[in-house]
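Inspection log for the structure reproduced underneath, given as structure tokens.
The values are calculated or read from the model by the stated rules, or taken from the named source; none is laboratory data. Keep in mind the model is a prediction, meaning the values are calculated, not measured. Glycine also receives a Cβ, built like all others from the backbone with ideal geometry; neighbour counts cover every protein chain displayed. To get the accessible areas, we keep the full protein, side chains included, count just its heavy atoms, and leave off ligands, DNA and RNA. Shrake-Rupley method; radii C 1.70, N 1.55, O 1.52, S 1.80 Å.
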Amino acid sequence: MNSRQLFALFICLLVPWTMGNGLVPLLPVYATNLGASPNVVGYYLSFTYLILAFGTFFAGWLSDTFQRRKSLLIVFGVPLAPTIWLLGSASNVWQLTIITSLAWFLGGIAIALVNILAGLLAEKSKRGRVFGILSVSSGLGALIGGLVTGPVVDRWDFPTMFAVLAVFSLLLPSAALFLKPESIGRSSSAQVATTSRESMFEIAFLLLLVASIAGGIGVFSGRLGTSLAMKELQFSSAAISSTGAVGGLVTLPLAPLVGWLSDRLGRVPLLSACYLAGALGLVGLAASVSLWHFWIVASLVSILAYVTSGVGSALVTDLVSPNNLGRGMSLFTATIWVGGISGFAVTGIAIQRFGIPATFIGAAFLPLFAIVLVYFIRRVR
């Protein structure tokens, strides 16, 4: 993989991550302004992440079936701009849900296709480095989105913010034009196909999927809880979105460093360290009352969200054969969104019934459970 390809892939990832990370802290506020209660906000976000997971699964099928990933990025990247712009015209929660779901569907396809391309193009000895660099896009997206979205809403309004993001999203299909078409053909050998199926569904891979779901639930529980807790404490939109910016800033140097280290020290120890950081962040959220408290929490949860994605993607490429990498990578990417589905749905209800402290102390056990699963990946391998 040359630097031009890597840069184009990076921009293709930066666009959906900037929009997603910029919007997620503010969408609960936007939905509340449209009359949604905390549990309805949880259901709304949960449903949109269900569609996001479906888009990710769909991308894996598209990738393995058509073998034209560059063309698919352009085809599904172009409609993203008008979809984001339409969010500003939503007048009730149902309209907001439909439009957000479409935007998340398109973004999920784009993220999965880029990760699949990276897995196919990266050399085995440099997978951690490549995915570490690409995972910087999520932290940088959080930084850009956090610095832009909240202040724009405070200065103007939500429709203006959506219009700005719509223009920015045009970078995705533009960057995809510079990608070299890559076609990885299927082997006609029945023996190779059988081996591919076995490697895709081996126990180590399945353990990684479950660990990623557990970590994803913790991530999105923390994100929704941060937004709702800060709104209850009457923080401004700029302050709420700043948590995403700070979290992204902290992970910018960590993501490539951890990816590089994973090529040398192994994926499992570094994945475990990231899950531990997320658990500490969720415990901290239970007691946060000041802005700097929420910044620390966001930083720790962002390590769980952004740094693990790079190391985890490299580990998927280690475990899954090239013939099944499209489906394998899309499954792994989808587990993060499955965590969002569960995290958003459960967190809103739990906050209403048990309060913020109890909810997030309980959520902290999920990343710890993921550490146990990751440990068994090493034992199985």
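A few comments on the model shown:
- Protein accessible area in the chain, 1.4 Å probe - carbon and sulfur %: 69 percent
- Part-to-part distance (alpha-carbon centres) for segment 344-359 and segment 18-75, which is given in Å: 22 Å
- Between Phe66, Phe220, Phe168, the GNM of the chain built on Cα springs shorter than 10 angstrom shows Phe66 fluctuating the most.
- The distance from the alpha carbon centre of segment 283-339 to that of segment 135-160 is 20 Å, rounded to a whole number.
- Mean-square fluctuations from a GNM of the chain, with a 10 angstrom spring cutoff on Cα atoms, peak among Arg155, Arg267, Arg223 at Arg155.
- Computed with a 1.4 Å probe on the full set of protein chains, the accessible area for Val372 sits at about 70 Å².
- MRE, 222 nm, helices only [DSSP H, n ≥ 4, -39500 (n - 2.57), over the chain, to nearest 500]: -28000 deg cm²/dmol
- Residue of Gly278, Gly128, Gly266 that the Gaussian network model of the chain assigns the largest fluctuation, springs spanning Cα pairs under 10 Å: Gly266
- Annotation: lysines with alpha-carbon distance below 17 angstrom to Lys70 (same-chain offsets under eight excluded): Lys180.
- Here the calculated FRET efficiency for Arg155 and Leu206, from their Cβ-Cβ distance with R0 = 45 Å, stands at 0.40, rounded to the nearest 0.05.
- Over segment 1-138, accessible surface divided per residue gives 36 Å², non-protein components excluded, 1.4 Å probe.
- For segment 221-269, accessible area per residue (1.4 Å probe, heavy atoms of protein chains only), Å²: 39 Å²
- Spherically averaged projected area of segment 305-381 from its Cα convex hull (nm²): 5.9 nm²
- What you get for the chain, charging only the Cβ of Lys and Arg (+1) and of Asp and Glu (-1), is a dipole of about 760 debye around the Cα centre.
- The chain: angle of helix 291-302 to the longest principal axis, Cα-based, in degrees nearest 10: 20 degrees
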